[in-house]
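Asks: Just passing along the structure, written as structure tokens.
The values are calculated or read from the model by the stated rules, or taken from the named source; none is laboratory data. These numbers come from a predicted model, not from an experiment. Using ideal geometry, Cβ is built from the backbone for each residue, glycine included, and neighbour counts are taken over all protein chains shown. Just so you know, the surface numbers come from the protein's heavy atoms only, side chains and all, with ligands and any DNA or RNA stripped out. Shrake-Rupley method; radii C 1.70, N 1.55, O 1.52, S 1.80 Å.
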Amino acid sequence: MAILDFKTLLDDAAKAPAVELKDLKGGVIKLRRFEHLPGSDFKNVLTYIDIIQDEKVSEGGKIDAMDRCLIAAADRKDAFKEALELLPMSARNTVFTAWMEDGDTGNS
């Protein structure tokens, strides 16, 4: 019988590779890989990705879903939300693309 240590599983997820973004104050915000997100964030990201891929959703709705997806992946949600509001759309797309490619999120 396998015995798993809950703390070890959490520690492993916390140490997993992530996309890192330096905020304006020099702090680091980590965008955790899709497979390392805790349950509620994982479910939220699945929902947001479905919205982004839905052809019936407006561009504004897709942008909102992209932002919410990134916030769900961030280890410091409030700091990331604050930074995200200052970024132009092209920079937001760059961050989202880097996160998706780093974790191969669409194929998980």
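Asks: Name the residue, out of D75, D50, that is in contact with a Lys or Arg (Cβ under 6 Å, 6 or more places away or on another chain) and open to solvent by 60 Å² or more (accessible area, probe 1.4 Å).
Replies: Going through D75, D50 in turn, the sole match is D75.
Asks: Would you mind finding the one in R32, R68 that is surrounded by 13 or more Cβ atoms within 10 Å (Cβ to Cβ) and modelled with pLDDT under 95?
Replies: Testing whether each residue is surrounded by 13 or more Cβ atoms within 10 Å (Cβ to Cβ) and modelled with pLDDT under 95 leaves just R32.
Asks: So which residues in the range 53-62 are open to solvent by 60 Å² or more (accessible area, probe 1.4 Å) and not acidic (D, E)?
Replies: Correct list: Q53, K56, S58.
Asks: Continuing with the same structure: Contact list please: Cβ distance under 7 Å, first residue in the range 1-19 and closer than 19 Å to A73 by Cβ, second residue surrounded by 10 or more Cβ atoms within 10 Å (Cβ to Cβ) and of a type in the set (A, V, I, L, M, F, W, C), pairs at least six apart or on different chains.
Replies: A18/L31; V19/L31; V19/A98; V19/W99
Asks: Can you find a residue that is farther than 16 Å from A98 by Cβ, at pLDDT 95 or above and among the aliphatic types (A, V, I, L, M) anywhere in the range 50-62?
Replies: Yes, because at least one residue in the range 50-62 is farther than 16 Å from A98 by Cβ, at pLDDT 95 or above and among the aliphatic types (A, V, I, L, M).
Asks: Let me ask something additional. Could you tell me whether the range 85-102 includes any residue that is among the polar types (S, T, N, Q), in a helix (DSSP H, G or I), modelled with pLDDT under 95 and buried (at least 18 other Cβ atoms within 10 Å of the Cβ)?
Replies: No - not one qualifying residue is present in the range 85-102.
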